[in-house]
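**Student:** First the structure, which I've put down as structure tokens, then a few questions once you've had a look.
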Amino acid sequence: MTSSVRYLGSGARYLDAPNFSISVGGTTFAYRDLGPRTGVPLILLNHWGAVLDNFDPRIVDGLASKHRVIATNYRGIGASGGKAPVTIDEMARDAIALIRALGFEKVDLLGFSLGGFVAQDIALKAPDLVRKLILTGTGPAGGKGIDKVGQVSWPLMIKGLLTLRDPKFYLFFTSTANGRRAAKAFLERLKERKADRDKGPTPGAFLRQLKAIKAWGQQAPQDLGSIRIPVLIANGDNDIMVPTAHSADMARRIPGSQLVLYDDAGHGGIFQNYADFVPKALSFLDA
């Protein structure tokens, strides 16, 4: 990994985005950076076990056509150094420190799944840092069933091993013909980058992140009513990992938030419907 001020301007693709790294408090964080240099940058925070190559390139490219987009890794994941935190609190503090180390005084956040937990926590911890917030496939602290993500996931991960499929085929998408088509297309997109790929998560980091998810589901609810910035919430109508009801709950609790639910879609609803989600996200960010 190299740290550099080089970047890819608008028109560049995530496929070609170089790997960068920056030292924050003695820990190296891996990231990729593309899009125009104007306006407020958008920080992407991804799911349990995700590395830089788990961001959907169609979504990254679509957002980077208008905005500077920075995809990041959590501590202890992929090419980022250190040990994976076992709390969302630590992940949020890491992300805030990373954002400040990159020199940003104001950012937009897009959090998917675990990343949505982290994004909420950042918005509450550092309200002056965040301009707009996009929460996808996610839920609030203390949300019923969030502490059961592992119990829901393990059988489908085993099914993935037995059927030689990526578990996300079963975890992120519905079992309808539409969902299966979308799953196949999404997993193909994740393989498009051939060179300089990030390394996968270690089993230890994967389990430590699961501890953080479980603790988030068991902790006291946060005061989402105190979030006073524009918030866009999106999910599929049949999310089995972070139940869709949590998206509606967050929308009720966050003043003035917008809710988008996709029909016949699961946890990865924004990946299945990227052609609709990207324009909605751009419109939200540019409003």
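**Student:** Of all the residues that make up region 46-105, how many are outside any helix (DSSP H, G or I) and small (Gly, Ala, Ser)?
**Tutor:** Selection size over region 46-105: 12.
**Student:** Which residue, of Phe169, Phe186, is assigned to a helix (DSSP H, G or I), more than 30 Å from Arg253 (Cα to Cα) and in contact with a Leu (Cβ under 8 Å, 6 or more places away or on another chain)?
**Tutor:** Answer to the check: Phe169.
**Student:** Which members of region 24-45 meet the condition of being assigned to a strand (DSSP E or B) and either free of Cβ contacts under 8 Å to residues at least 24 places away in the same chain or closer than 16 Å to Arg131 by Cβ (or both)?
**Tutor:** Leu42, Ile43, Leu44, Leu45
**Student:** Enumerate the pairs (first residue in region 205-228 and over 30 Å from Gly81 (Cβ atoms) and among the aromatic types (Phe, Trp, Tyr); second residue anywhere and surrounded by 20 or more Cβ atoms within 10 Å (Cβ to Cβ) and modelled with pLDDT of 95 or more) with beta-carbon separation below 7 Å, excluding pairs fewer than 6 apart on the same chain, so at least 6 apart or on different chains.
**Tutor:** none
**Student:** Test Gly82 against the stated conditions and say whether it is touching a strand residue (DSSP E or B) at 6+ places or on another chain (Cβ under 7 Å) and buried (at least 21 other Cβ atoms within 10 Å of the Cβ).
**Tutor:** Taking the combined requirement at face value, the residue does not satisfy it.
**Student:** Sort out for me the helices (runs of 4 or more DSSP H) sitting completely within region 202-287 that have 1 or more residues that are surrounded by fewer than 16 Cβ atoms within 10 Å (Cβ to Cβ) and modelled with pLDDT of 95 or more.
**Tutor:** Correct list: 203-218, 245-253, 274-286.
**Student:** If you don't mind, another one. Counting only residues that are farther than 30 Å from Gln219 by Cα and exposed (fewer than 15 other Cβ atoms within 10 Å of the Cβ), how many does region 145-184 have?
**Tutor:** 12
**Student:** Can I ask one more? Please determine, by comparing only the residues of region 1-23 that are over 18 Å from the mean Cα position of the chain (by Cα) and not in a loop (DSSP other than H, G, I, E, B), which one is modelled with the lowest pLDDT.
**Tutor:** Thr2
The values are calculated or read from the model by the stated rules, or taken from the named source; none is laboratory data. This structure is a prediction, so every number in the text was calculated from the model and none was measured. Please note: Cβ atoms are built from the backbone with ideal geometry, for glycine as well, and neighbour counts cover all protein chains shown.
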